[in-house]
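Please read the structure below before turning to the comments.
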Amino acid sequence: MDSNKRPETMARIQTKEQADAFIAEQVAAVREQVGNGKVLLALSGGVDSSVVAALLIKAIGKQLICVHVNHGLMRKGESEQVIEVFKKGLDANLVYVDASERFLTKLEGVCEPEKKRKIIGNEFIIVFDEEASKLTDVHFLAQGTIYPDILESDGVKAHHNVGGLPEEMAMELVEPVKLLYKDEVRVVGKALGLPASMVDRQPFPGPGLGVRCLGAITRDRLHALREADAILREEFDNCGLATKVWQYFIAVPDFKSVGVKDGKRYEGWPAIIRAVNTVDAMTATIEEIPYHVLHRITDRITHEVDGINRVLLDLTPKPIGTIEWE
Ligand code: XMP
């Protein structure tokens, strides 16, 4: 039987009982596969790698070594949440690497989107590899591969996740959720006790805020973007849009406009709001955000975020726009 093919008889996991049965099955399978061996996992804090981490901690505890690389392009509070949930909550064997400075230095002056992606992807591999080489006797590499990744791997998908690791890392793969769809991964994550804020997260591109800090990334503009994005997310949470909209974020372009603050000229960047709905990310429609919510977000961002003096709304569907700006 092809282990990468989902059996037709496999029921869709929807309930806690189904998830518990799946977890028990995978815990046994992982123990059988790795024995006393050590397993390495790049834990980004995204849904898939988080669920794999929680599952493997249940199966093999400290034999799992999670490496969380903070590339400096995370959303506000994300790395902190990974540490909180996994190190403090689940007592994971977690290596936290703050590589922000390295990534931001490498990205200095680079405007071209694909070049930015490449630098981020390559640097990630270098940092992860460095951490892996400090460890001895690790023969297994866990990955948060899910079924759509397998289905799309021979197709057209152009994006690769940060965390796509080099083949020279000659380790045997452990991929406990590779036959699951995203909705099932979320059900399993909840059954494992992961917080909803982690399990129900909207998709976030591997290169993170790097593709939303448009053009050449600067530290001050990246900071403004992160703060504005946090406000958007907070306001979407408050008005119930967070659970309704597929993906929503702020992009900040690298130009300024003239504004006025406290009676003085105030040049700042615009923050662009984008909120889209889609089924497969190939096409997308725009969420109609109520005006009172838009006013509140605008008011907060322009008053609370240094460097931003306007808020714009992107009404472009995909196609013709892509979901991300870069
Ligand atoms: P686009 O911008 O192509 O995005 O309409 C479609 C979906 O893919 C996400 N995206 C990425 N994900 N690495 C990723 O892992 C990337 O380089 C990347 N670029 C876009 C985007 O956020 C959206 O959900």
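Counting other Cβ atoms within 10 Å, which GluC sites (Glu not before Pro) in region 59-162 have at most 13 and lie in a DSSP loop?
Loop-located and lightly packed - 108.
Using helices alone, I'd like the mean residue ellipticity at 222 nm for the chain: each DSSP H run of four-plus residues gives -39500 (n - 2.57), total over residue count, nearest 500.
-11500 deg cm²/dmol
I want to check the label-to-label distance for residue 278 and residue 108. Put each point 7 Å from Cα in the C-beta direction and report it in nm to one decimal.
That separation, rounded to one decimal, is 3.4 nm.
Can you pull out the trypsin sites (Lys or Arg not before Pro) in region 1-66 that DSSP calls coil and that have at most 15 other Cβ atoms within 10 Å?
Sites meeting the loop and neighbour criteria: 5, 12.
Could you list the chymotrypsin sites (Phe, Trp or Tyr not before Pro) in region 242-279 that lie in coil according to DSSP, counting only those with at most 16 other Cβ atoms within 10 Å of their Cβ?
Here the chymotrypsin sites (Phe, Trp or Tyr not before Pro) that fit, given the DSSP loop and packing criteria, are 246, 255.
Quick one: order 111, 66, 213 by neighbouring beta-carbon count within 10 Å, fewest to most.
If I rank by nearby Cβ atoms, fewest first, I get 111, 66, 213.
Grab the beta carbon distance between residue 98 and residue 196, set R0 = 25 Å, and tell me the FRET efficiency rounded to 0.05.
The calculated FRET efficiency here is 0.40.
Under the rule a/c < 1.5 gives rounded, and otherwise a/b versus b/c splits prolate from oblate, where does region 186-326 land using the Cα gyration tensor?
prolate
Between residue 15 and residue 151, what FRET efficiency comes out of the Förster formula 1/(1 + (r/R0)^6) with R0 = 25 Å and r the beta carbon distance, rounded to 0.05?
Plugging the Cβ-Cβ distance into 1/(1 + (r/R0)^6) gives 0.55.
No value in this document is a laboratory result; all are computed from the given coordinates. Every value quoted in this text rests on a predicted model; they were computed, and no experiment measured them. For neighbour counting, all protein chains shown are included, and Cβ atoms are generated from backbone atoms with ideal geometry for every residue, glycine included.
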